[in-house]
Amino acid sequence: MKPRSRDARRARPALGTLVEIRVPDFAGAATAFDRAFAAVERVHRLMSRQVPDSDVARLNRAAPGALVAVDHWTWQVLKRAKEIHAATGGLFDCAAAPGKNGSSADLDLIDDRTVRMRRQLVVSLDGIAKGFAVDHAVEALRLAGARAGVVNAGGDLRVFGEEAQTVHVRHPRDPGCFVSIGMVTDGAVATSARYFGNSTLIDPRSRRARRTDWSATVIAGDCTTADALTKPCLLDRRAAPALTAGCGARVVLLH
Amino acid sequence: MKQLPVFLLTPVAVVAPAAYASVYLSVEQAQQAIFPKASFVLEDLALKPRVWRVLGAGWFIVDQVVGKSELITYAVGLDANGAVRGIEILEYRESHGGEVRNPGWRRQFVGKSAADPVRLDDDIRNISGATLSCRHVTEGVKRLLVLYETALKGR
């Protein structure tokens, strides 16, 4: 697909990476960009472990049995994280930390803004929050009048609109090379790989970091799901097709 | 239950550019993005970051940061009190020449040459898989805030 000079594009640092947004240029594009980046910033403020008063930081300080009030967005991410935990036999676990016991099964979701911590946990939404941010950035773009576009948060991306978009994946052992995996319409693509040691993959079964030369690319209807599923696919490559199909998604593994 | 996204698997094909670059905004476009309709006066500080005084509104600075394999040109807008008003990436350039661990895997594509029409005219724009953090940019912004305190404040 030839590059279209009619596209408006922006990129800003966010979520620890570069977030890139592209829409066909239109009168409301500047506002659409601002709203979409604001949605990404909101996810960062709510779910980053580094932000002192984020929902995640407060969950990680909570005593056993405590009820913690969280933003509805955080609650939604935790809900999806627990669903994917169940769907992957525990291979995705937002509360599986090295050297600690506990899993996302140890937190309960109450009404739509409260979490009960059954024990002290170290919760990290790093493996799912980027995808959620992308989904909400897309929603903000749509509400602001964009009829098509792409949001790409450091490689977790979602395409919306009528036109199919080509997607390339970095080769895991040769990051300057891009492998075309085809065309996506109205869907999300997320990839996990080590890319020379940039990311840490914790195996919830052993609580240890796993090294791999593979990359897992998940294609799903939404980026929250795609993002979360990449890790289980890397941890159990043989089960990857079944794990993704069970969540209405597909996977491409590269080595 | 969401429908499976429409996904057409094409033959796996590889594009290996010498380097990948993406231009998002020119200096003028970034100025307009962060300070719409403002007037800019270039400040001659004889320093690497380029600084503009934004009349009545603050400062606009274009700087560059270098990571292990990437070069990022970015812009920061500061309001009259030195607070960050906006950050935009102008240009992103990457090259992984020194980092290939095992180029042998490319041998499976022997027979396909640089002239091969498959995917060559395809704009590489939707890339899944990240190699960089924005740490360098956020550190650059911190340095520019120090620049403001030491060279711009009260100027």
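Condition (residue is of a type in the set (Ser, Thr, Tyr), over 13 Å from the mean Cα position of the chain (by Cα) and modelled with pLDDT under 95) applied to region A:80-95: is it met by at least one residue? Quick ask: steps written out before the conclusion?
Within region A:80-95, the first condition is being of a type in the set (Ser, Thr, Tyr), and the residues that meet it are A:88.
Remaining after also requiring over 13 Å from the mean Cα position of the chain (by Cα): A:88.
Checking the rest, the ones that are also modelled with pLDDT under 95 come to none.
No, there is no match, as no residue in region A:80-95 is of a type in the set (Ser, Thr, Tyr), over 13 Å from the mean Cα position of the chain (by Cα) and modelled with pLDDT under 95.
Scanning region A:160-170 for residues that are more than 7 Å from chain B (Cβ to nearest Cβ) and part of a strand (DSSP E or B) turns up just one, A:PHE160. The single residue among A:GLY176, A:GLY182, A:GLY221 that is farther than 16 Å from A:VAL251 by Cβ and free of Cβ contacts under 8 Å to residues at least 40 places away in the same chain turns out to be A:GLY176. Just one residue in the set A:ALA97, A:ALA69 is within 28 Å of A:ALA36 (Cβ to Cβ) and surrounded by fewer than 22 Cβ atoms within 10 Å (Cβ to Cβ); that residue is A:ALA69.
Given A:THR185, A:THR217, which one is modelled with pLDDT of 90 or more and out of contact with any Leu (no Cβ under 8 Å at 6 or more places or on another chain)? I'd like the intermediate steps shown before the answer.
Numbers: A:THR217 fails: out of contact with any Leu (no Cβ under 8 Å at 6 or more places or on another chain).
Answer to the check: A:THR185.
Table: residues versus (1) among the aliphatic types (A, V, I, L, M); (2) over 18 Å from A:CYS223 (Cα atoms); (3) in contact with a Gly (Cβ under 7 Å, 6 or more places away or on another chain); (4) buried (at least 19 other Cβ atoms within 10 Å of the Cβ).
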residue: A:ALA27; (1), (2), (3), (4): yes, yes, no, no
residue: A:VAL40; (1), (2), (3), (4): yes, no, no, yes
residue: A:ASP53; (1), (2), (3), (4): no, yes, no, no
residue: A:GLY65; (1), (2), (3), (4): no, yes, no, no
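Only one of (1) more than 10 Å from chain B (Cβ to nearest Cβ); (2) free of Cβ contacts under 8 Å to residues at least 24 places away in the same chain; (3) on the phi > 0 side of the Ramachandran plot fails for A:GLY149. Which number is that? Going through the list (1) more than 10 Å from chain B (Cβ to nearest Cβ); (2) free of Cβ contacts under 8 Å to residues at least 24 places away in the same chain; (3) on the phi > 0 side of the Ramachandran plot, A:GLY149 breaks only (2). Is there any pair linking a residue in region B:13-41 that is crowded, with 16+ Cβ neighbours inside 10 Å and among the aliphatic types (A, V, I, L, M) to one that is at pLDDT 80 or above and part of a loop (DSSP other than H, G, I, E, B), with Cβ under 6 Å and at least six apart or on different chains, and which? So the pair list comes out as B:ALA38/B:ALA57.
Can you tell which of A:SER192, A:SER124 is in contact (Cβ under 8 Å) with a residue 24 or more places away in the chain and more than 30 Å from B:ALA21 (Cβ to Cβ)?
Numbers: A:SER192 fails: more than 30 Å from B:ALA21 (Cβ to Cβ).
Matching residue, one of A:SER192, A:SER124: A:SER124.
All of A:ARG113, A:ARG147, A:ARG158 fail the test of being at pLDDT 95 or above and touching a Pro at 6+ places or on another chain (Cβ under 9 Å), apart from A:ARG147.
Among the residues of region A:59-73, how many are free of Cβ contacts under 8 Å to residues at least 40 places away in the same chain and closer than 19 Å to A:ALA133 by Cβ? The total comes to 0. Out of contact with any His (no Cβ under 9 Å at 6 or more places or on another chain) and of a type in the set (A, V, I, L, M): does that describe A:VAL43? The answer is no for A:VAL43.
Go through the residues of region A:2-21 one by one and say whether even a single one is in contact with a strand residue (DSSP E or B) (Cβ under 7 Å, 6 or more places away or on another chain), more than 14 Å from chain B (Cβ to nearest Cβ) and free of Cβ contacts under 8 Å to residues at least 24 places away in the same chain. No, region A:2-21 contains no residue that is in contact with a strand residue (DSSP E or B) (Cβ under 7 Å, 6 or more places away or on another chain), more than 14 Å from chain B (Cβ to nearest Cβ) and free of Cβ contacts under 8 Å to residues at least 24 places away in the same chain. In region A:209-218, is there at least one residue being crowded, with 17+ Cβ neighbours inside 10 Å, of a type in the set (Lys, Arg) and farther than 30 Å from A:ALA148 by Cβ? There is no residue in region A:209-218 that is crowded, with 17+ Cβ neighbours inside 10 Å, of a type in the set (Lys, Arg) and farther than 30 Å from A:ALA148 by Cβ. In region A:174-208, how many residues are surrounded by fewer than 23 Cβ atoms within 10 Å (Cβ to Cβ) and within 7 Å of chain B (Cβ to nearest Cβ)? Total satisfying the criteria: 11.
Would region B:72-85 turn up any residue that is crowded, with 16+ Cβ neighbours inside 10 Å and among the basic types (Lys, Arg)? Looking through region B:72-85, at least one residue is crowded, with 16+ Cβ neighbours inside 10 Å and among the basic types (Lys, Arg). Being touching a strand residue (DSSP E or B) at 6+ places or on another chain (Cβ under 8 Å), farther than 18 Å from A:PRO204 by Cβ and part of a helix (DSSP H, G or I) is the filter here; which residues of region A:226-250 pass it? Correct list: A:ALA226, A:PRO241.
Which residue is modelled with the lowest pLDDT, if the candidates are limited to region B:112-155 and must be among the hydroxyl-bearing types (Ser, Thr, Tyr) and under 19 Å from the mean Cα position of the chain (by Cα)?
Of the residues in region B:112-155, the ones among the hydroxyl-bearing types (Ser, Thr, Tyr) are B:113, B:128, B:131, B:133, B:138, B:148, B:150.
With the extra rule that they be under 19 Å from the mean Cα position of the chain (by Cα), the set shrinks to B:128, B:131, B:133, B:138.
Values: B:SER128: 88, B:THR131: 69, B:SER133: 76, B:THR138: 91.
Checked region B:112-155; the qualifying residue modelled with the lowest pLDDT is B:THR131.
Residues that are closer than 24 Å to B:GLU88 by Cβ and β-branched (Val, Ile, Thr) within region A:31-72 comprise A:THR31, A:VAL40, A:VAL43, A:VAL51, listed in sequence order.
With B:GLY98, B:GLY56 as the choices, which residue is surrounded by fewer than 18 Cβ atoms within 10 Å (Cβ to Cβ), assigned to a helix (DSSP H, G or I) and at pLDDT below 95? Steps first, answer last, please.
On the way: B:GLY56 fails: assigned to a helix (DSSP H, G or I).
Result: B:GLY98 is the single residue among B:GLY98, B:GLY56 that is surrounded by fewer than 18 Cβ atoms within 10 Å (Cβ to Cβ), assigned to a helix (DSSP H, G or I) and at pLDDT below 95.
The values are calculated or read from the model by the stated rules, or taken from the named source; none is laboratory data. Keep in mind it's a predicted model, so treat the numbers as computed, not measured. Backbone-built Cβ (ideal geometry, glycine too); neighbour counts: all protein chains shown.
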